[in-house]
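Reading through the structure tokens given below for one structure.
The values are calculated or read from the model by the stated rules, or taken from the named source; none is laboratory data. Here the structure is a predicted model, which is why all the values come from computation and not from measurement. Don't worry about glycine lacking a Cβ; one is built from the backbone with ideal geometry, like all the others, and counts go over all protein chains shown.
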């Protein structure tokens, strides 16, 4: 069989298309849940790293180092196939969501921490002296500046998050890769997986282009901190 | 058995651990050398692409950028599955190990090309002109003057990306490579006990926590000295 009929078979593509669309929709929906949860977790962890409490600081440090060392696929398998031995049965969706919170949350924490440290101390002192409360200072003064300083790293982590959702395929969550594998199993043809790859490419291309533009302007401008994640 | 003992028995079962330990150790070795293979080929190819891009040949650069964009957007697990389930049908038989090595090397090459290129692009134009005016050829200038400065800028982003891709070797378990996760999963189905999975997690921590700590040190060091 030739390459074209194995990877770009239009007949098979037409048959698999509805399933692939379903998978793409599910990946999008999951990303809209999992990534924001990871962002919030990362932000809370980053705030803990500035805490005066030693326990909270240590908790943050252990979380980040542990979940940056553990591959996300190991984590999701541990949650999905391991926890039932303790009598806890997680749905695929719950296992993947929890993995996002633990793993991607750790990466977002590192980014927010770098962002918050890049804001000069005087900013917070000035805000407090105008009568703003601590939370107000954080939301109106520190976070906007911190976010702007690490924008490329934040975007990069969002892209990695969408790609990370493919671990769902291993625990039978019906996201894009899982559906493509199903179609490939039925047809003995890799066209559905190739189509899935192209869907990821087309959907994420604008973000990667934006990232390249930002990074180039950053490296010629204020001196960026290349702290982006990846899994 | 109380529930506490039951948990101990299914997650920290010593007799299972003793039986499984040789397999897991062998798997650790496989993970380490698969990672090293990927790092060497990925970074070498990425560097070569970045150097090629520095010559500014438009048609070539278009394909380099397309290559980098493609492999930075397609998830590693999709790529591994595509090669493993696709190539045999097209008449090329390929092992799971080779698939994982090829897929992750292609991805690392894309990311390292971008990092090295960002370093090359950030190097002051004057450096090029100074090198050329001393009589060095374009390639000599690139190699002896631009690259050392570019590498310094590239090393911090490259470190975290390299670690991430080395952890990506766990994806090879999906295509039947008995690396740490793959070995643990097959032992799980034999022993019907979660201890092998816990051992796998511990093994990853033992291998990667020092690497992550070293990475943090390198990132911080090169972040400051490069500016």
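Looking at the stretch A:58-107 only, could you name the residues that are more than 21 Å from residue A:169 (Cα to Cα) and not in a helix (DSSP H, G or I)? Residue satisfying the conditions is A:87 alone.
With the requirement that a residue be over 26 Å from residue B:169 (Cβ atoms) and more than 13 Å from every other protein chain (Cβ to nearest Cβ), what does the stretch B:23-53 give you? B:51, B:52, listed by residue number.
For every residue, the table says whether it meets (1) free of Cβ contacts under 8 Å to residues at least 12 places away in the same chain; (2) under 17 Å from residue A:194 (Cα atoms).
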site	(1), (2)
B:72	no, yes
B:80	no, yes
B:89	yes, yes
B:106	no, yes
B:137	yes, no
B:141	no, no
B:147	no, no
B:167	no, no
B:170	no, no
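In this structure, residue B:204 qualifies as over 14 Å from the mean Cα position of the chain (by Cα) and facing chain A (nearest Cβ under 7 Å). For beta carbons closer than 7 Å, sequence separation of 6+ or different chains, a first residue in the stretch A:3-16 that is facing chain B (nearest Cβ under 9 Å) and part of a helix (DSSP H, G or I) and a second that is surrounded by 11 or more Cβ atoms within 10 Å (Cβ to Cβ) and at pLDDT 90 or above, the qualifying pairs are A:6/A:189; A:6/A:190; A:6/B:86; A:7/A:190; A:7/A:191; A:7/A:194; A:7/B:86. Among the residues of the stretch A:181-197, those identified as facing chain B (nearest Cβ under 9 Å), buried (at least 16 other Cβ atoms within 10 Å of the Cβ) and assigned to a helix (DSSP H, G or I) are A:181, A:184, A:191, A:193, A:194, A:196, A:197. Of the residues that make up the stretch B:122-136, is at least one farther than 22 Å from residue B:82 by Cα, within 25 Å of the chain's Cα centre (by Cα) and at the interface with another protein chain (Cβ under 9 Å from one of its Cβ atoms)? Yes, some residue in the stretch B:122-136 is farther than 22 Å from residue B:82 by Cα, within 25 Å of the chain's Cα centre (by Cα) and at the interface with another protein chain (Cβ under 9 Å from one of its Cβ atoms).
State all residues of the stretch A:60-91 that are away from chain B (no Cβ under 11 Å) and either surrounded by 19 or more Cβ atoms within 10 Å (Cβ to Cβ) or without any contact (Cβ under 8 Å) to a residue 12 or more places away in the chain (or both); if no residue qualifies, say none. Correct list: A:60, A:89, A:90, A:91.
Take the conditions (1) more than 14 Å from chain A (Cβ to nearest Cβ); (2) surrounded by 15 or more Cβ atoms within 10 Å (Cβ to Cβ); (3) at pLDDT 95 or above; residue B:67 misses just one of them, which is (1). Output the residue which, of all residues in the stretch B:86-98 that are part of a helix (DSSP H, G or I) and within 12 Å of another protein chain (Cβ to nearest Cβ), is modelled with the highest pLDDT. Looking at residues that are part of a helix (DSSP H, G or I) and within 12 Å of another protein chain (Cβ to nearest Cβ), I get B:86.
Among residues of the stretch B:4-22 that are within 11 Å of another protein chain (Cβ to nearest Cβ) and touching a residue at least 60 places away in the same chain (Cβ under 8 Å), those with a beta-carbon under 6 Å from a residue that is surrounded by 11 or more Cβ atoms within 10 Å (Cβ to Cβ) and not in a helix (DSSP H, G or I) at least six positions away or on a different chain give the pairs B:10/B:193; B:10/B:194; B:11/B:194; B:13/B:193. Of all the criteria given as (1) part of a helix (DSSP H, G or I); (2) under 30 Å from residue A:78 (Cα atoms); (3) more than 7 Å from chain A (Cβ to nearest Cβ), the one not satisfied by residue B:178 is (1). Could you check, for the stretch A:212-230, whether at least one of its residues is within 11 Å of chain B (Cβ to nearest Cβ) and either within 15 Å of residue B:75 (Cβ to Cβ) or modelled with pLDDT of 95 or more (or both)? Scanning the stretch A:212-230, I find at least one residue that is within 11 Å of chain B (Cβ to nearest Cβ) and either within 15 Å of residue B:75 (Cβ to Cβ) or modelled with pLDDT of 95 or more (or both), so the answer is yes.
On the given criteria, is residue B:156 closer than 23 Å to residue A:106 by Cα, facing chain A (nearest Cβ under 9 Å), surrounded by fewer than 20 Cβ atoms within 10 Å (Cβ to Cβ) and out of contact with any strand residue (DSSP E or B) (no Cβ under 9 Å at 6 or more places or on another chain)? It is false that residue B:156 is closer than 23 Å to residue A:106 by Cα, facing chain A (nearest Cβ under 9 Å), surrounded by fewer than 20 Cβ atoms within 10 Å (Cβ to Cβ) and out of contact with any strand residue (DSSP E or B) (no Cβ under 9 Å at 6 or more places or on another chain). When the criteria are applied in full, residue B:56 meets the requirement of being more than 9 Å from chain A (Cβ to nearest Cβ), on the phi > 0 side of the Ramachandran plot and surrounded by fewer than 17 Cβ atoms within 10 Å (Cβ to Cβ).
Listed conditions (1) within 14 Å of residue B:54 (Cα to Cα); (2) in contact (Cβ under 8 Å) with a residue 40 or more places away in the chain; (3) within 22 Å of the chain's Cα centre (by Cα) are all met by residue B:65, apart from (2).
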